[in-house]
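Below: the structure, in structure tokens.
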Amino acid sequence: MSDRYAVIGNPVAHSRSPAIHAEFARATGQDIDYGRIEAPLDAFAPAVERFRLSGGKGLNVTLPFKHEAFQLCARRSERALLAQAVNTIRFDDSYGDNTDGIGLIRDFSQNVKLPLNGKSVLLLGAGGAAQGVVGALLEAGVARLVIANRTVAKAKALAARFPGASACGYDALGSEGFDIVINATSAGLAGAAPPLPDGMLNKSTLAYDMVYGRDTPFLAAARKAGARASDGLGMLVEQAAESFFLWRGVRPATQPVLAKLRGS
Ligand code: ATR
């Protein structure tokens, strides 16, 4: 029988993880079966336990359960501890990891092809998505990392956990330019864009939205301003590859899968 894995979240119906992992398994000759589980909002832990008891080997965890998953795991990686969130569970050793940050970094190096080392980066948002990538951005050697958030106190609390990061509100951003602006807010899901000062996105900016599967107002504004724009589909594929490696010990090629998802 195939080893069983799944993505667990709520909602989870539109997750592209099953298709991505099926491609990885086919390409590497691994015998796995990867499904999706929609857990009730108030019953994440029982749903995880049910899957484990039925023979499941591991899970990817998505919104809104990454913090609960972090609390559930007996052992946690350094990067999961930094993010206070787990997106990958391996049941054999009750191990929780977070591959979101490395997924973002690898997307920049492999697909976007823009080295982060030495760059000035503005990170928008201070929720779960932002929290998952701060440590990895700093480790990638960015020269400057500013976290801007609508609720300034949340940005300050996040930056305080990471020496090297600073925080402010949108109105304090002023005229300082950044090489890279990463949107980690959920504004795009509601058809809105974070309130950036005029001129922040320009011809020399790379605008990156961690959301995928839709053209967000942030990316549309970036393109209009002549900035280079990228969605978060590459990050999704790269974080999946790192999860696959944690479970199977095999690193799948990501570029063919990303090209297939983009229909190119
Ligand atoms: P996620 O796990 O996706 O990050 P979250 O923890 O609910 O979700 O955080 C959502 C983030 O998007 C927050 O940083 C939120 O700002 P606040 O902390 O001020 O609420 C940000 N956000 C959501 N809608 C936004 C909007 N219209 N403009 C700017 N920021 C927004």
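Below 9 angstrom from the Cβ of Gly56, what's the summed charge of the other residues (Lys, Arg +1; Asp, Glu -1)?
After counting each charged neighbour, the total is +3.
So what's the gap between the Cα centers of the range 13-55 and the range 172-242, to the nearest angstrom?
About 29 Å separates the Cα centre of the range 13-55 from the one of the range 172-242.
Can you compute the charge dipole magnitude of the range 132-219 about its Cα centre, using +1 on each Lys and Arg Cβ and -1 on each Asp and Glu Cβ, nothing else charged? Give it in debye, rounded to the nearest 20.
Result for the range 132-219 is approximately 260 debye, rounded to the nearest 20.
Using the Karplus curve 6.51 cos²θ - 1.76 cosθ + 1.60 with θ = phi - 60°, what ³J(HN,Hα) values do you get for each residue of the range 14-30, in whole Hz, with x for Gly and Pro?
Ordered by residue, 3J(HN,Hα) equals 9, 4, 8, 4, x, 5, 5, 5, 4, 5, 4, 5, 4, 5, 9, x, 8 Hz.
For the chain, report the accessible area per residue in Å² (1.4 Å probe, heavy atoms, rounded to an integer).
45
Given the -39500 (n - 2.57) contribution per DSSP H run of 4+ residues, what per-residue ellipticity at 222 nm results for the chain, rounded to the nearest 500 deg cm²/dmol?
Using -39500 (n - 2.57) per qualifying helix, the result is -9500 deg cm²/dmol.
Hey, got the dipole for the range 93-189? About the Cα centre, +1 on K and R Cβ, -1 on D and E Cβ, debye to the nearest 20?
Here the size comes out at about 220 debye.
Under the rule of at least 5 residues apart or a separate chain, name every residue whose amide H is placed under 5 Å from the amide H of Gly35.
Correct list: Tyr5, Ala6, Val7.
State the antiparallel share, in %, of DSSP beta bridges confined to the range 72-208, rounding to the nearest 5.
So the antiparallel bridges amount to about 15 percent of the total.
Given an 8 Å cut-off on Cα distances and at least 6 residues of separation, report the relative contact order of the chain as a percent. Walk me through the numbers before you get to the answer.
Values: 530 pairs, mean separation 40.7, N = 264.
Value for the chain: 15 percent.
Normalised by the residues of the range 206-264, what does the relative contact order come to in percent, with Cα pairs under 8 Å and at least six apart?
It rounds to 28 percent for the range 206-264.
Given Asn87, Pro195, Ala222, which one lies farthest toward the positive end of the charge dipole of the chain, if we put +1 on the Cβ of every Lys and Arg and -1 on the Cβ of every Asp and Glu?
Among Asn87, Pro195, Ala222, the one farthest towards the positive end of the dipole of the chain is Ala222.
The values are calculated or read from the model by the stated rules, or taken from the named source; none is laboratory data. What you see is a predicted model; the values in this text were computed from it and never measured. Note that each Cβ is placed from the backbone with ideal geometry, even for glycine, and that neighbours are counted across all protein chains shown. Note: areas computed on protein heavy atoms with side chains; ligands, DNA, RNA excluded. Shrake-Rupley method; radii C 1.70, N 1.55, O 1.52, S 1.80 Å.
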